Amino acid sequence: MLALHSAGIRTEVIPGITAASGCSSYAGIPLTQRNESQGCTFITGHAEKELSHNWANLAQLDHTLIFYMDLSQLSIITQQLTQHGLAASTPATLIEKGTHRSQSLQQRYKSLILRLNNINLLHHHLLSSEK
């Protein structure tokens with residue numbers, strides 16, 4: 001929207017829900033759940049140079065972590081989270097084309113460590129780690 005505004009193009013904000021909420025609801029995955037996850041945290045998986053999140057804090061949160069990303073950062077995200085204490089056995093879901101009729105749960109992984117060689121996706125994704 002900033003680019004549109006600076007180019008003199010009028011915009012209108014239409015209230016809705018975040019992609020993470022829509023995608024997870026559509027897939028039947030709760031973002032919070034009693035005794036499982038006390039909250040959820042939305043995180044960008046993009047950066048101009050490199051991701052500079054506080055990985056130690058993210059790894060220790062009792063939250064569902066939602067990364068908005070393309071697949072280019074997937075290995076960095078999983079590596080950083082596990083290096084900072086998130087169990088490699090943490091369940092994760094990769095969602096493609098969220099809330100669209102063709103939404104795809106590529107897999108509800110039984111662990112955060114994904115077999116990257118078996119993933120061939122073209123669109124932006126959400127990665128959700130489920131505590």
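We did not get these values from a lab; they are worked out from the coordinates using the rules stated. Nothing here was measured: the structure is a model prediction, and the numbers come from that model. Don't worry about glycine lacking a Cβ; one is built from the backbone with ideal geometry, like all the others, and counts go over all protein chains shown.
Worth pointing out:
- If the segment from Ile76 to Ala47 were pulled out straight at 0.36 nm per residue, it would be longer than the present Cα-Cα gap by 9.2 nm.
- Peptides 6-13, 30-37, 86-93 ordered by average Cβ neighbours within 10 Å, highest first: 86-93, 30-37, 6-13
- Phi to ³J(HN,Hα) by Karplus 6.51 cos²θ - 1.76 cosθ + 1.60 over the range 97-103, Hz, x for Gly, Pro: 6, x, 6, 8, 3, 9, 3
- In this simple spin-label model, placing a label point 7 Å from the Cα along the Cα-to-Cβ direction at both Gln33 and Ala7 gives a separation of 4.2 nm.
- Paramagnetic reach from Thr99 (point 7 Å along Cα→Cβ, amide N under 20 Å) across the range 10-26: 11-26
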